[in-house]
Amino acid sequence: MKKTVLITGAGQGIGQAMALRFASSGANVAIVSKDSPAQVKETVDGIISAGGQALVFDTDVRDAAQLKSLVAEVAARFGGIDVLINNTSAPCFNDSLHTTPEQFDLIASTSVRAAFFLSQACIPHLKKAENPHIINVAPPLNLEEQWLRDHLPFSIGKYGMSLCTRGMAAQFPQISINSLWPRTNIATQRLKDHLLPEVYAGSRWPAIMADAAFELSLRADTTGQFFIDEALLRETGMTDFSIYAVNPDHPLVQTLFMPLEPGMIPISRELFRFKK
């Protein structure tokens, strides 16, 4: 039986890569995206070409009623839901003094609020699946002062998703509910818009997160955990990660919420290109 996967923020970047990876296994893929029609069409065409079936929603993830409605439609169309991937969040990397109420509300509503209510709507359907999963694209709960100091609103949104992972995993042990986060920055358009060129050069393609999410979805009885893309793929026997590098000759750049490792470039406020 084909799996049905629901992915938010799937019109580009990490979400798009995940949609194509699951489609390559023959999955039904429901995507939620507010991206341009051209970007959404690219994703849909890619899903079909990869061997999957596509269902598209331009749902506002901030609206709980709309989320409930789209889940009902996905389940009715494909006969259930096997995997939910909460990927969406708004880009805002301001500190506490430079964040407007509108920016704060957008961050919270598109990350932790969306993940909470979409998971809530999917759980009754996931309980009926053979190997159900919720994957939150959210970091480990390390709560390092650096991220809270420099990017508090964004950190609240992402760590809130991480709390959903831990809390819902405890409440619903029959569903595998985990977080997945990249070791490095991921080369997305959003990254190009907000960070300096050297950060992009030291990033990895979204395919690494897609491959890690797919491998995680195959596991059973693994819940309440916080996985890092490279570490998870190493557990499968992978050793060469150069295929994911934007520039294999450039040092990798640390991503937010991750400890700095030898040989990596630390992510810092100086590397950010803030828009006025």
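Bear in mind these aren't lab numbers, they're just calculated from the coordinates by the rules spelled out. Everything quoted here is computed from the prediction, not taken from an experiment. Cβ: placed from backbone, ideal geometry, glycine included. Neighbour counts: every protein chain shown.
Tabulated results
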{"quantity": "Shape category assigned to region 134-276 from the gyration tensor of Cα positions, a/c cut at 1.5", "calculated": "oblate"}
{"quantity": "Sequence ranges 215-225, 80-90, ranked by mean other-Cβ count within 10 angstrom, highest first", "calculated": "80-90, 215-225"}
{"quantity": "Mean Cα-pair separation over length for the chain, i.e. relative contact order, pairs under 8 Å, 6 or more apart, %", "calculated": "17 percent"}
{"quantity": "Average projection area in nm² (convex hull over Cα atoms of region 145-189, one quarter of hull surface)", "calculated": "4.4 nm²"}
{"quantity": "Hull shadow area, averaged, region 1-56 [alpha-carbon convex hull, nm²]", "calculated": "2.9 nm²"}
{"quantity": "Cα gyration tensor shape of region 65-220, rounded if a/c is under 1.5, else prolate or oblate by comparing a/b with b/c", "calculated": "prolate"}
{"quantity": "Expected 222 nm ellipticity per residue - DSSP helices of 4 or more, -39500 (n - 2.57), all of the chain, to 500", "calculated": "-13500 deg cm²/dmol"}
